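As structure tokens, the structure follows; a few thoughts come after it.
The values are calculated or read from the model by the stated rules, or taken from the named source; none is laboratory data. This structure is a prediction, so every number in the text was calculated from the model and none was measured. Cβ: placed from backbone, ideal geometry, glycine included. Neighbour counts: every protein chain shown. Surface areas here come from the heavy atoms of the whole protein model, side chains and all, with no ligands, DNA or RNA. Shrake-Rupley method; radii C 1.70, N 1.55, O 1.52, S 1.80 Å.
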Amino acid sequence: MGKAVIVYASTTGNTEAMANAIKEGAPEADLFSVADTSSGAVSGYDTLILGSPAMGSEVLEDSMESLFSELEGSLAGKKVALFGSYDWGDGQWLRDWADRVTAAGATLVGEPLKIQTTPDDAGLASCRDFGKAVVSA
């Protein structure tokens with residue numbers, strides 16, 4: 001198993017709560033907010049677990065969009081899992097993001113995990129399970 005990292009953007013704390021629960025399920029993974037890392041640092045990992053809230057018309061949060069755009073050219077052969085929180089819509093931003101991951105030559109691990117607004121106990125449990133499943137994939 002290679003090195004795994006969880007990187008998230010969060011505007012209201014919901015995606016951060018998801019990231020922390022994913023870390024509980026994958027304690028060996030490193031955890032960074034997008035503001036505390038760089039594409040150069042992240043590109044050294046074999047497995048990337050990336051999280052972003054849905055913004056505007058279901059697009060990635062700006063700082064995650066910037067980081068992911070820088071990473072896109074170096075994703076071939078890596079495993080990538082996606083997660084995020086949303087308030088409305090149906091998760092289109094995660095489907096679009098998943099398409100970009102596979103177009104970049106990475107392997108998408110599992111279905112992207114989405115939670116509407118603040119994760120409840122069941123949502124946090126699904127985050128822990130997601131983390132465990134991704135690092136063991």
Discussion item. For region 1-64 and region 115-137, what is the centre-to-centre distance using only Cα atoms, to the nearest Å?
Written reply: 13 Å
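To check you understand DSSP bridge types, tell me what percent of the beta bridges within region 1-124 (both residues inside) are antiparallel, rounded to 5. Write out the running numbers ahead of the final one.
Values: 2 of 22 bridges.
Counting DSSP beta bridges with both partners in region 1-124, the antiparallel share is about 10 percent.
Calculate the dipole size of region 6-79 relative to its Cα centre from +1 charges on Lys and Arg beta carbons and -1 charges on Asp and Glu beta carbons; express the result in debye to the nearest 20.
Values: 3 positive and 12 negative charges, 36 e Å.
Roughly 180 debye, rounded to the nearest 20.
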Item to complete: Give the carbon-plus-sulfur fraction of the accessible surface of the chain in %, rounded to a whole number; probe 1.4 Å, heavy atoms of protein chains only.
Response: 49 percent
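Over region 14-118, what relative contact order in percent results from Cα pairs under 8 Å that are six or more residues apart? Mind showing how you got there, number by number?
On the way: 145 pairs, mean separation 29.3, N = 105.
28 percent.
Taking only protein heavy atoms into account and a 1.4 Å probe, give the accessible area per residue of region 51-126 in Å².
Working: 3570 Å² over 76 residues.
Dividing the accessible area of region 51-126 by its residue count gives 47 Å².
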Item to complete: Assign unit charges at the C-beta atoms only (+1 for Lys and Arg, -1 for Asp and Glu), then state the dipole size of region 95-137 relative to its Cα centre in Debye, rounded to the nearest 20.
Response: 120 debye
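Taking the Cα centre of the chain as origin and charging only Cβ (+1 Lys, Arg; -1 Asp, Glu), how large is the dipole, in debye to the nearest 20? Write out the running numbers ahead of the final one.
Numbers: 9 positive and 20 negative charges, 93 e Å.
Using only the charged Cβ atoms, the result is roughly 440 debye.
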Response to the item:
Quick calc: nm separation of the 7 Å Cα→Cβ label points for Ala76 and Asp46 -> 2.0 nm
Practice prompt. Report the full-extension gain for the segment Leu108 to Ala133: residue separation times 0.36 nm, less the Cα-Cα distance, to one decimal in nm.
Written response: 7.7 nm
Worksheet item: When we measure straight from the Cα of Lys114, which lysines land under 20 angstrom away, once same-chain ones fewer than 8 places off are left out?
Response: Lys23, Lys79, Lys132
Fill in: Cleavage-rule hits, chymotrypsin sites (Phe, Trp or Tyr not before Pro), region 1-87, DSSP coil, Cβ neighbours within 10 Å at most 12
none
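Sort region 48-137 into rounded, prolate or oblate with this rule: let a ≥ b ≥ c be the square roots of the eigenvalues of the Cα gyration tensor; rounded if a/c is under 1.5, and if a/c is not under 1.5, prolate when a/b is larger than b/c, oblate otherwise.
Values: a/c = 2.12, a/b = 1.17, b/c = 1.81.
Note, shape of region 48-137 comes out oblate.
Assuming 0.36 nm per residue, please report the length gained on full extension of the stretch Ser66 to Asp87 beyond their Cα-Cα distance.
Numbers: separation 21, 0.36 × 21 = 7.56 nm, distance 2.19 nm.
Contour length minus Cα-Cα distance gives 5.4 nm.
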